[in-house]
1. With the requirement that a residue be open to solvent by 50 Å² or more (accessible area, probe 1.4 Å), touching a residue at least 12 places away in the same chain (Cβ under 8 Å) and among the β-branched types (Val, Ile, Thr), what does segment 314-371 give you?
2. In a loop (DSSP other than H, G, I, E, B), open to solvent by less than 10 Å² (accessible area, probe 1.4 Å) and either in contact with a Pro (Cβ under 6 Å, 6 or more places away or on another chain) or small (Gly, Ala, Ser) (or both), is that true of Gly278?
3. Which one of Asp571, Asp602, Asp564, Asp532 is within 34 Å of the chain's Cα centre (by Cα) and at pLDDT below 95?
4. Give the number of residues within segment 227-264 that are in a loop (DSSP other than H, G, I, E, B) and within 23 Å of Ala574 (Cβ to Cβ).
5. Test Ser446 against the criterion of being of a type outside the set (A, V, I, L, M), crowded, with 21+ Cβ neighbours inside 10 Å and either in contact with a Leu (Cβ under 8 Å, 6 or more places away or on another chain) or closer than 18 Å to Phe569 by Cα (or both), and give yes or no.
6. With the condition kept exactly as written, say whether any residue in segment 574-581 is part of a loop (DSSP other than H, G, I, E, B) and at pLDDT below 95.
7. Just checking, which of Val511, Val455 is touching a strand residue (DSSP E or B) at 6+ places or on another chain (Cβ under 7 Å), more than 30 Å from Gly149 (Cα to Cα) and open to solvent by less than 30 Å² (accessible area, probe 1.4 Å)?
8. Please find, among Thr154, Thr188, Thr224, the residue that is in a loop (DSSP other than H, G, I, E, B), under 22 Å from Ala352 (Cβ atoms), modelled with pLDDT of 95 or more and not charged (D, E, K, R).
Amino acid sequence: NYWGGSLEITSSGGSPFSEEEKSIGNHQEWDRASIGHIKHHSLDDTQQGWLLLDPSEKKKTKKKKKNDGFVDLGCVVCSRTALKWSVSLLAIAFLVIFLPVVVLKSVPEDRPPPPPPDNYTAALHKALLFFNAQKSGKLPADNGIPWRGDSGLTDGLNATDVEGGLVGGYYDSGESTKYHFPLSFAMTMLSWSVIEYEAKYRAIGEYDHVRDLIKWGVDYLLITFNSSATAIDKIHSQVGGAMNGSSIPSDYYCWEKPEDMDYTRPVQNTTSGPDLAGEMAAAMAAASIVFREDDPVFSEKLVAGAELVYAFARDPGRRAPYSMGNHYIEPYYNSTGYFDEYIWGAAWLFYATGNASYFSLATDQNTAVDSDVFSMIPRLSVLSWDNKLPAAMLILTRIRIFLSPGYPYEDMLRMYHNITGLNMCSYLQQYDVMNWTPGGLILLNSDGRQNLQYVANAAFLASVFADYLNATDVPGWNCGPTFTPSAVLKDFATSQVDYILGSNPMNTSYVVGYGSKYPSRVHHRGASVPADDATYSCTGGWSWRDAAAPNPNTIAGAMVGGPDRFDRFHDVRAEGVYTEPTIAGNAGLVAALVSLTSSGGDGVDRNAIFAAVPPLSPPSPPPPAPWEP
């Protein structure tokens with residue numbers, strides 16, 4: 001019943017309502033809907049039958065229901081036919097869908113091989129190996145170049161101020177001379193590339209390798225001066241070499257593999273040389289950033305060495321180029337100035353130490369004027385082992401792009417930024433600043449000789465500047481009145497590196513071991529003399545120098561001098577302008593390749609280089625003096 005209370009069933013024919021309920025119609029306060037509802041709620045014969053059945057009849061009824069077309073599942077009653085169809089469909093679904101999945105999961109997965117590395121990564125692996133082939137000294141067991149062995153173990157043993165001699169470092173090129181000026185530049189470039197693209201080096205498995213190469217170089221630089229002193233008055237600037245045209249047995253006159261050198265290797269010293277000292281400071285300061293996290297003790301040692309040689313460079317009594325008047329150096333690695341190294345070295349020391357005095361030196365207007373940075377001479381936009389201005393401008397522009405330090409640095413940084421933009425414009429063919437070969441290679445050396453090392457450096461500068469812009473969501477820069485998207489710089493870098501790797505009229509890769517066609521007669525003593533038990537004398541090796549046969553040893557990763565200004569190339573061992581590699585050239589190539597590889601993501605590490613840099617905003621003024629009546 002709808003209102004509670006007991007439900008009484010009267011006998012047949014009796015009224016089911018009480019006397020009180022019968023009088024409902026006399027109560028006007030009850031609404032008609034309620035009355036109507038009650039009136040129509042009388043039980044029909046079937047309902048009364050349900051209620052009046054005795055227990056035995058109920059059992060018969062239930063039994064009868066079980067035999068009809070429905071199944072009582074407890075929570076729901078459904079048709080027996082529907083139940084059969086549902087069970088059948090579930091069984092089919094299990095057989096068609098779930099069972100194959102289970103079977104496939106139980107079968108060992110045949111994973112496809114990982115995608116091959118992109119061209120730049122493959123070339124980068126080889127380009128780094130070149131440095132292993134150029135190592136001097138006692139080689140580690142895992143050096144990885146089977147035809148190389150220990151060499152130069154008596155270098156500098158007669159130097160009284162160097163304990164253990166000048167053993168170690170890198171041979172510069174196809175000769176076995178150790179030139180400390182380009183060696184330092186090569187280490188700076190390698191370190192810079194690691195600082196910007198550490199994630200990429202890690203992704204391709206070369207991070208530990210490139211750090212070992214850097215350490216091999218800067219460990220050697222640390223013994224070229226008295227790094228334990230508080231001040232120095234001399235730097236060893238070169239080991240080996242010869243005067244031009246000399247017939248005295250030497251690295252130039254003889255053709256011997258480094259392991260067989262049996263002639264005297266002279267050591268060159270300098271008591272001046274802000275160019276050499278400034279580049280050494282840059283190399284050690286940049287390397288200290290590379291090792292800052294993993295080897296802080298070594299990093300601090302490098303910082304101390306960098307500050308020591310930079311103080312030597314800044315000494316007013318030592319301001320003459322390191323090569324001046326030295327006939328063992330001038331014909332080969334002559335320095336044309338040192339103000340660029342002042343700026344370059346100071347910038348790296350600022351990054352390494354956070355000492356604002358170095359930043360002040362790097363942004364000093366007088367130093368900038370003396371360096372000719374504002375003259376906009378085209379050759380000064382070409383980065384090389386001799387000219388650091390375009391790179392120095394770029395790493396200082398980096399500070400403005402990412403940190404925007406403001407006063408008192410903003411005026412100079414803005415000018416450096418503008419010069420950097422103009423340097424980038426000069427690399428673009430449509431502005432006719434530089435000459436180009438018919439095949440699309442920019443000519444950055446005035447005579448076109450051994451041009452590839454300069455091309456690789458320019459490709460790196462363009463690529464890393466584009467990455468700076470992209471990292472700050474700046475779409476491009478202006479070349480005069482023309483807005484130029486940053487992608488144009490990447491296109492330039494890609495086109496030049498692709499040329500080096502084989503997209504050129506000769507269809508030749510100029511990186512040994514990369515591609516199907518590359519130079520096989522590289523101007524290199526170690527690669528051209530067989531790695532057998534025989535010892536070849538100074539002149540006995542000339543037969544290998546002049547042989548027409550390919551080198552017996554492949555010096556993988558070596559970037560040769562490259563083609564001439566008409567895209568022509570001579571694969572002739574005796575013509576070193578075409579076929580000789582250098583560590584400075586390969587360092588630029590490594591930097592360009594890692595900037596372009598697609599492994600490890602895109603772009604630079606924005607913040608690692610700034611870890612030691614303090615806030616650069618002007619200090620807050622002192623509080624006013626307390627008021628006195």
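1. Once the filter is applied, which keeps residues that are open to solvent by 50 Å² or more (accessible area, probe 1.4 Å), touching a residue at least 12 places away in the same chain (Cβ under 8 Å) and among the β-branched types (Val, Ile, Thr), segment 314-371 yields only Thr336.
2. Numbers: in a loop (DSSP other than H, G, I, E, B): no; open to solvent by less than 10 Å² (accessible area, probe 1.4 Å): yes; either in contact with a Pro (Cβ under 6 Å, 6 or more places away or on another chain) or small (Gly, Ala, Ser) (or both): yes.
Judged against the criteria, Gly278 is not a match.
3. On the way: Asp571 fails: at pLDDT below 95; Asp564 fails: at pLDDT below 95; Asp532 fails: within 34 Å of the chain's Cα centre (by Cα).
Within the list Asp571, Asp602, Asp564, Asp532, the selection yields Asp602.
4. Of segment 227-264, the ones in a loop (DSSP other than H, G, I, E, B) are 227-234, 240-257, 261-264.
Now narrow it down to the ones that are within 23 Å of Ala574 (Cβ to Cβ): 240-257, 261-263.
Counting residues in segment 227-264 that are in a loop (DSSP other than H, G, I, E, B) and within 23 Å of Ala574 (Cβ to Cβ) gives 21.
5. no
6. First, pick out the residues of segment 574-581 that are part of a loop (DSSP other than H, G, I, E, B): 574-575, 580-581.
If we keep only those that are at pLDDT below 95 as well, we get none.
No, segment 574-581 contains no residue that is part of a loop (DSSP other than H, G, I, E, B) and at pLDDT below 95.
7. On the way: Val511 fails: more than 30 Å from Gly149 (Cα to Cα).
Going through Val511, Val455 in turn, just one is touching a strand residue (DSSP E or B) at 6+ places or on another chain (Cβ under 7 Å), more than 30 Å from Gly149 (Cα to Cα) and open to solvent by less than 30 Å² (accessible area, probe 1.4 Å): Val455.
8. Values: Thr154 fails: under 22 Å from Ala352 (Cβ atoms); Thr188 fails: in a loop (DSSP other than H, G, I, E, B).
Residue meeting the stated conditions: Thr224.
The values are calculated or read from the model by the stated rules, or taken from the named source; none is laboratory data. Please read all numbers here as calculations on a predicted model, not as lab measurements. Don't worry about glycine lacking a Cβ; one is built from the backbone with ideal geometry, like all the others, and counts go over all protein chains shown. Surface areas here come from the heavy atoms of the whole protein model, side chains and all, with no ligands, DNA or RNA. Shrake-Rupley method; radii C 1.70, N 1.55, O 1.52, S 1.80 Å.
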